[in-house]
């Protein structure tokens, strides 16, 4: 059975859904009908309805939260972080663009929830005093869920786009909030993990995305990115494909998409990339609508190129990223890739 995603569904329809459960959800609250419904409904209750205390019954007490800026742990931190965000952006609205999931209620569900948020900067917070400016930005939250609890989360947010819309300098904001010891230790461990991982064993021909979407992801990561065969992106992307990239970039077509990936990779000449998770779901019951793929990845390399992040610093950099693809007729028709460029700037600006 296909679990309905967000495609063609209004949030009011999702929240009002009175139907029976569509899949086994052992240990989940009775008013959740499937994993997509769980993610969308609890997010709405916490953020739009301001039921912040609900976090305590939906996050494990020791839940680790991984972000590009470093790790955090525990439900208390999730509650305080939510309060601080809502104090700065009290009218924040979260629009669920996609929930791409894998797993089951026995081993756990892994959901990749793409959100576009609209908000007004009415209060002081991590980005400084209130500016009164209205903004919109992308976030992707990958959540491992068991028995009604999020037990681990990987959170990527386009913080540089927030900063730019507030009229601030990303470098100045990054410099004003130096990394913690925990962040430095985590970056070092991730750097070692990525550089110690074996290279992906992939062949040259592009795999059939319909027959084996997992193989397609590994081919893209291992051959196109890993071996820098960027010209092969012309096979992977539709001619009029779109890409939403960090700092609010909106790219169209082969030239702009390949150009951005080239600039990003050239910033870290020895960069290696590992694929940490892949989820695949049909867009709808109609095969013509295609499939959605979510893949989380980690890149590590040294900042040795000036394209995006200033004069080369030689500093080691770790990037936690999540990419969502809409595959139509065998190629990528639309992509959203999110990672935190402020976290990159904090790493390249670290004293040697």
Of all the Cα-Cα pairs you can form in segment 186-348, what percent are over 22 Å apart?
41
When every alpha-carbon pair in the chain is counted, what percent end up more than 30 Å apart?
36
Give the distance, in whole Å, between the Cα centre of segment 35-62 and the Cα centre of segment 281-314.
27
Explain nothing, just the number: relative contact order of segment 274-352, from Cα pairs under 8 Å at least 6 residues apart, as a whole percent.
26
What FRET efficiency, computed as 1/(1 + (r/R0)^6) with R0 = 22 Å and r the Cβ-Cβ distance, is obtained for residue 151 and residue 51, rounded to the nearest 0.05?
0.60
Find the centroid of the Cα atoms in segment 321-352 and in segment 78-128, then give the distance between the two in whole Å.
17
Most exposed first by the Cβ proxy, i.e. fewest other Cβ within 10 Å, how do 341, 56, 335, 126 rank?
56, 126, 335, 341
For 112, 266, order by how many other beta-carbon atoms lie within 10 Å, fewest first:
266, 112
Candidates 204, 142, 292; GNM for the chain (alpha-carbon contacts under 10 Å) flags as most fluctuating 204
Which length gain, in nm to one decimal place, applies between residue 235 and residue 333 when the Cα-Cα distance is subtracted from 0.36 nm times their residue separation?
34.1 nm
At 222 nm, what helix-only mean residue ellipticity would the chain give, in deg cm²/dmol to the nearest 500, using -39500 (n - 2.57) for each DSSP H run of four or more?
-8000 deg cm²/dmol
Rank these for me by crowding, 106, 249, going from fewest to most other beta carbons within 10 Å.
106, 249
On full extension of the chain, what length is gained from residue 21 through residue 116, given 0.36 nm per residue of separation minus the C-alpha to C-alpha distance?
31.5 nm
The chain: relative contact order in percent, alpha carbon pairs under 8 Å with at least 6 residues between:
15
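Values quoted throughout were computed directly from the atomic coordinates according to the rules given, and no laboratory measurement underlies them. In this text the structure is predicted, and so the values were computed from the model without any measurement. Cβ coordinates were reconstructed from backbone atoms using ideal geometry, including for glycine residues, and neighbour counts include every protein chain displayed.
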